[in-house]
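Before any comments, here is the structure.
Please treat every number below as a calculation from the coordinates, not as lab data. On a predicted model such as this, the values are computed, not experimentally measured, just so you know. Ideal geometry is used to build each Cβ from the backbone, glycine not excepted, and the neighbour counts take in all protein chains shown.
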Amino acid sequence: MNLDAQILSALRNAGSGAVSGADLSHTLGVTRAAIWARIEDLRSFGYEIEASPHHGYKLLNVPDVLHADDLLSLVRPGQIIGRDIRVFEATQSTNDVAEKLARDGVGEGVVVFAESQTRGRGRMGRKWLSPARKGLWFSVLLRPDMRPQAATQLTVAAATALVRAIRSVAALEAEIKWPNDILIRGKKVAGVLTELNAELDHIKYLILGIGVDVNLMPSDLPPDVRKIATSLKAETGQTLRRADLAAAILHELDRDYERIRNHEFASIAQEWQARCATLGHRVTIQIGDRALQGRAESLDGDGALLLRTDYGHLERVIGGDLTLQK
Ligand code: BTN
């Protein structure tokens, strides 16, 4: 953690109390003047920090901007996911930035956020709207020691982590629509785009691109999207602080990544199945120009969907566009 992140973390830990400049300078091993200079800098980003000669520094308010040091100060010690955080004001797609970092040899766990994306992309080549400061648009670089066939485990993990984070921060019960749409009252609020670079038997790196509609209003969306999408703000009536949600998602994702590394994917799959709006229903899955019809039965050990087709076979499906049959 750098100095700003350490200062923010100390101020947060003090809760509604204050921390003296002397204490900060002693614990962080820098001069009081250096602390003051960093506090001034944080104030220029919109952090409201009270400075009193008798009591020290108190964090009064934090702005709804994504700031790498602030996010880092919210990441728990020992987390892999989020141990390195980069924030961009605008980028084409955070998945592209993460991909470049991967090719440059950056270690797993780095998370790239952007306040806005000019060419955000969704699954099946779709466009993903990413207006400035309204949502969370980010990508996580992972280097899991696994076969490419098992990559779906990570998409499934991302969906369950999103459901838990949304529950803890927004108190909303979200559902999952296979493969990884997160829905609230039938409308999409978040999605996951998994991209990987692999050899036949081994993943070199994998990027989980996650988009969450946090503080968008219906007017931020074109009319056709408005019918099928929602936001956490539209559902709760409240503006959420995006950094809190981001920290919760990274924490939950890290927990699931650990379960995967410990070969405990079955417990994630169980959680996914309990939140899945699709299982047990008759569905059509469009894969390119092929349409599969049948009953969505369960997930297999790699996270693929098992579909009992109308001909009675069990098909293993890893991607496609699913619609529920009436
Ligand atoms: C989907 O549901 O189709 C997946 C949407 C994924 C969107 C995110 S936003 C951050 C990352 N960068 C992108 O260009 N896409 C993903």
Residue-averaged 222 nm ellipticity for the chain, from DSSP H runs of 4+ at -39500 (n - 2.57), nearest 500:
-10000 deg cm²/dmol
Name the residue from Gly191, Ala151, Trp178 whose Cα lies farthest towards the positive end of the charge dipole of the stretch 115-242, charges +1 on Cβ of Lys and Arg and -1 on Cβ of Asp and Glu.
Gly191
Please tell me which of these pairs span more than 28 angstrom C-alpha to C-alpha: Lys134/Lys187; Lys134/Lys326; Lys134/Lys227; Lys127/Lys233?
Lys134/Lys326
Residue-wise HN-Hα coupling along the stretch 132-145, computed from phi with Karplus coefficients 6.51, -1.76, 1.60 (Hz; x: Gly, Pro)
4, 6, 9, x, 10, 10, 8, 9, 10, 8, 10, 10, x, 8
Kirkwood Rh over Cα pairs of the chain into Stokes-Einstein at 20 °C, 1.002 mPa s: D in µm²/s?
102
Output ordering of 44-55, 227-238 (per-residue mean of other Cβ within 10 Å, highest first) is 227-238, 44-55
Relative to the longest principal Cα axis of the chain, at what angle does helix 265-275 sit, 0 to 90 degrees, rounded to 10?
80
Just going by the charge dipole of the stretch 246-320, with Lys and Arg at +1 and Asp and Glu at -1 on Cβ, which of Ser298, Tyr311, Ile249 is farthest out on the positive end?
Tyr311
Starting from 0.36 nm per residue, how many nanometres of slack lie between Asp321 and Glu258 once their C-alpha separation is accounted for?
19.8 nm
With axes computed from alpha carbons, what is the tilt in degrees of helix 152-170 against the longest principal axis of the chain, rounded to the nearest 10 within 0 to 90?
50
The extension gain from Leu306 to Ser25, computed as 0.36 nm times the residue separation minus the Cα-Cα distance, is 95.4 nm
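Compute the FRET efficiency between Phe45 and Arg103 as 1/(1 + (r/R0)^6), taking r as their Cβ-Cβ distance and R0 = 25 Å, and round to the nearest 0.05.
Efficiency at R0 = 25 Å is approximately 0.20.
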Provide the net charge surrounding Val62, with neighbours chosen by a C-beta distance below 10 Å and charges set as Lys +1, Arg +1, Asp -1, Glu -1.
-2
Which residues does the label zone of His202 cover in the stretch 129-154, counting backbone N under 19 Å from a point 7 Å along Cα→Cβ?
142-152
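When the chain is fully extended, how far beyond the present Cα-Cα distance does Gln92 get from His55, taking 0.36 nm per residue of separation?
Full extension from Gln92 to His55 adds 8.8 nm.
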Between the helical axis of 32-44 and the dominant principal axis of the chain, each derived from Cα atoms, what acute angle in degrees is found, rounded to the nearest 10?
50
Please give the per residue volume of the convex hull enclosing the alpha carbon atoms of the stretch 204-326, rounded to a whole number of Å³.
169
Order of Leu216, Leu305 under a 10 Å beta carbon neighbour criterion, fewest first:
Leu216, Leu305
For Glu115, distant residues with modelled amide H under 5 Å away:
Phe88, Glu89, Ala90
By per-residue mean of other Cβ atoms within 10 Å, what is the highest-first order of 28-40, 101-113?
101-113, 28-40
Please state the shape class of the stretch 59-213: rounded when a/c is under 1.5, otherwise prolate if a/b exceeds b/c and oblate if not, all from the C-alpha gyration tensor.
rounded
Count the net charge of all other residues whose Cβ sits under 14 Å from the Cβ of Asp23, scoring Lys and Arg as +1 and Asp and Glu as -1.
+2
Net charge within 12 Å of Ser267 by Cβ-Cβ distance, Lys/Arg positive one each and Asp/Glu negative one each, not counting Ser267 itself?
-2
Rg over Rh [alpha-carbon atoms, Kirkwood Rh] for the stretch 1-149
1.06
